[in-house]
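First the structure, in the form of structure tokens, and then the observations on it.
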Ligand code: ATP
């Protein structure tokens, strides 16, 4: 006889956070896909304690369209009863009565602490239930071990051990949107604004918002100023005003405190900024408390993807667990989804709060992840541009040429701004080369004006949230501009290093420059590439600046398109995405919107695939009893096939549908480059740009011969798995680059295609070729 089906339940608990619905959808569908029964526990632990209808069996279609909904559709609650053993006893009984074998909980550290307590007590709860006659030995027989997996859903990003919690980037997006709005009015009236954001014990939101928006000053609980914060803030704000800034933005976390542990309130900050006494700043100052808008709205692309991938991983973890397996939660480190021991993370989180309370701020920062500490340093260097003690000795200072190559991508300007601020703080000379190599080459000789010029701090300081490329970008390669000319210009301008920001063209450019070193000694200088392209196709990194902005645009676009079908219901949209010969954005946006199919250049499109997908759609519409009022989406990359373009695919579907449903193509085009860059792109731009310049510094002004021999001196910075890596160009050129297809040979995200298929219910089909 076949073993009984496993019953897996999912629950959301604590404060709601965007992306929780993605988790529930992923767990329900993955569980069903794996042959299990899926359940939802409504209203958090309250649902377990009350039982009955609050523990509900879910079917595949019950979670349709959930990716684009905000909050949590299965409800959440603070449950006092679950804090006490009697509450947990009833919860255990209800779980057994419903036959639940495993519980996946998405919530904050409180919810996960409760979960672990429940798991630890489980055997004794069962004993008690039998002893007091509420359940029989036979009833508890199959449930000797409670199988629990945690997912961290919280807007604060306050759990140790994971770089991001599900929901934190959506909250950050809301905050940055609000700060961007406030900046416009602040600048108009030359005002100061004190903006209070959430975070009682964790300053992640405040810090990242400060980095992303280029705020003048930030207050976080983990790291008060060593000196008097009032003097520090006044100095920084005064310097920025003296340099000509018309606005002052101060971001303060709810839990901000000074070095003695005393709370810092927005009112105190305002009083200081508005102080009209002699020597005071006398700024017209307002306070804005953002409050619940920060929880709000639909999840950004990243949270949908994170919730989905972690939900799938949680189901796998549940199914692989044995009674000996330690209870885990699903974390993400840089770009890698990993299982980690739950209790260690909860204990470290508690330790961190205690360290803040005990004013042990070194320890508190040490318990935050590397990215947090990095960003704190980035923030310090980008706001204190005039600090003298950070400067390098004269002989180590460099003239660094900045150049953007390729199409614009979100975060390019934030990267330039941060690198300029860092260079200034170290005494380097950052120089803008306008309009890529083409611009560099065109304005040489007797009309050098404009093409190459030093940056102006004030001008650059306003670029943190700007889209596009302020210094101008161009696709032309150095070979097309004339390698000899470029080499001569580099010599003429006495550059000690080059900092390139761009996509595959930038990669190709730096490769050409490196290879031409034998011929042109002026090219024997260190060169860094920070990948920035919506296509995310640069070898040496799993993430390029701009790709997150692009995914948000695509996901928003698809949500709207889907909704537009609500009147007709029976419509399939075939959406053509950009991405060159990389299917990254098609696949990731497919995950974020729940596409019925994704077509990528890596895989190609065959008639069999189209046939299988058309048959699948026929089946879906035949069985759609009108539960959902939204259309279905197919995402097709612009270069997935030479023949089957979006329009042709839509025509084929329409023809085959025989009026049972409709099909339309839709091409978002350049909208995909995005308007305002996403906070993730902005923050990563700051962090990675500063790291690039720091790396360039290590080569200093070594001799051309030394530089030429040192393979590391031309490199790509990137995120690889759980690390930030600097990979030498020579290695990437030879081993990792698929030159004809202009993409890396191996792409980490290829496996995600199968997740899109599984969760979209797509059938297996014959692979092309
Ligand atoms: P957020 O990050 O939004 O605060 P959270 O999960 O930390 O989320 P809490 O209110 O702390 O939110 O916890 C949610 C629920 O988890 C509580 O209402 C309670 O039912 C349960 N819970 C929290 N801590 C414990 C605990 N120590 N023991 C048992 N149950 C707990």
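The values are calculated or read from the model by the stated rules, or taken from the named source; none is laboratory data. What you are looking at is a predicted structure, and each value in this text was computed from that prediction instead of being measured. Glycine gets a Cβ as well: all are built from the backbone with ideal geometry, and neighbour counts include every protein chain shown.
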| message | Here is a check on your reading of the model: is residue 83 within 8 Å of the ligand (Cβ to nearest atom), more than 31 Å from the chain's Cα centre (by Cα) and touching a residue at least 24 places away in the same chain (Cβ under 8 Å)? | response | yes
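Inspect region 565-584 for any residue being within 18 Å of the chain's Cα centre (by Cα) and either on the phi > 0 side of the Ramachandran plot or assigned to a helix (DSSP H, G or I) (or both) and give the result as yes or no.
Checked region 565-584: at least one residue is within 18 Å of the chain's Cα centre (by Cα) and either on the phi > 0 side of the Ramachandran plot or assigned to a helix (DSSP H, G or I) (or both).
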| request: Output the number of residues of region 157-184 satisfying the condition of being part of a loop (DSSP other than H, G, I, E, B) and touching a helix residue (DSSP H, G or I) at 6+ places or on another chain (Cβ under 6 Å). | output: 6
| query | Among (1) farther than 30 Å from residue 226 by Cβ; (2) buried (at least 18 other Cβ atoms within 10 Å of the Cβ); (3) within 17 Å of the chain's Cα centre (by Cα), where does residue 313 come up short? | reply | (3)
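Does residue 640 fit the bill of being touching a strand residue (DSSP E or B) at 6+ places or on another chain (Cβ under 8 Å), touching a residue at least 40 places away in the same chain (Cβ under 8 Å) and within 27 Å of residue 750 (Cα to Cα)?
Criteria met by residue 640.
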| field | Restricting region 99-123 to residues that are within 18 Å of residue 50 (Cβ to Cβ) and crowded, with 19+ Cβ neighbours inside 10 Å, the residue that is nearest to the chain's Cα centre (by Cα) | value | 107
| message | With the structure loaded, tell me whether residue 78 is surrounded by fewer than 18 Cβ atoms within 10 Å (Cβ to Cβ), within 16 Å of the ligand (Cβ to nearest atom) and either assigned to a loop (DSSP other than H, G, I, E, B) or touching a residue at least 12 places away in the same chain (Cβ under 8 Å) (or both) or whether it fails that test. | response | yes
| query | Limited to region 319-342, what total is found for residues that are out of contact with any strand residue (DSSP E or B) (no Cβ under 6 Å at 6 or more places or on another chain) and modelled with pLDDT under 90? | reply | 6
| Restricting attention to region 95-120, and to residues there that are part of a helix (DSSP H, G or I) and in contact with a helix residue (DSSP H, G or I) (Cβ under 6 Å, 6 or more places away or on another chain), which single residue is farthest from the ligand (Cβ to nearest atom)? | 96
| Counting only residues that are part of a helix (DSSP H, G or I) and within 13 Å of the ligand (Cβ to nearest atom), which one in region 48-75 is surrounded by the most Cβ atoms within 10 Å (Cβ to Cβ)? | 48
| Before we move on, is residue 707 surrounded by 19 or more Cβ atoms within 10 Å (Cβ to Cβ), modelled with pLDDT under 95 and closer than 25 Å to residue 215 by Cβ? | no
| message | Return the residues of region 136-156 that are more than 13 Å from the ligand (Cβ to nearest atom), modelled with pLDDT under 95 and not in a helix (DSSP H, G or I); say none if nothing qualifies. | response | 144, 145, 146, 147
| said: Checking the condition within 13 Å of the ligand (Cβ to nearest atom), in contact with a helix residue (DSSP H, G or I) (Cβ under 9 Å, 6 or more places away or on another chain), outside any loop (DSSP other than H, G, I, E, B) and under 25 Å from residue 77 (Cβ atoms), which residue from 89, 129 passes? | reply: 89
| note | Wholly inside region 335-444, strands (runs of 3 or more DSSP E) that include 2 or more residues that are in contact (Cβ under 8 Å) with a residue 40 or more places away in the chain and surrounded by fewer than 20 Cβ atoms within 10 Å (Cβ to Cβ) are 336-341
| Top-ranked residue of region 260-269 - restricted to ones that are part of a helix (DSSP H, G or I) and within 32 Å of the chain's Cα centre (by Cα), ranked as surrounded by the fewest Cβ atoms within 10 Å (Cβ to Cβ) | 266
| field | Residues located in region 181-235, provided they are surrounded by fewer than 16 Cβ atoms within 10 Å (Cβ to Cβ) and over 18 Å from residue 359 (Cβ atoms) | value | 181, 184, 185, 187, 188, 189, 190, 231, 235
| request: Would you mind finding the one in 38, 3, 22, 31 that is modelled with pLDDT under 95 and more than 16 Å from the ligand (Cβ to nearest atom)? | output: 3
| task | Could you tell me which numbered condition residue 8 fails, if it satisfies all but one of (1) closer than 18 Å to residue 594 by Cβ; (2) buried (at least 24 other Cβ atoms within 10 Å of the Cβ); (3) away from the ligand (no atom under 16 Å from the Cβ)? | result | (1)
| request: Among residues belonging to region 704-749 that are in contact with a helix residue (DSSP H, G or I) (Cβ under 6 Å, 6 or more places away or on another chain) and part of a loop (DSSP other than H, G, I, E, B), point out the one that is nearest to residue 526 (Cα to Cα). | output: 742
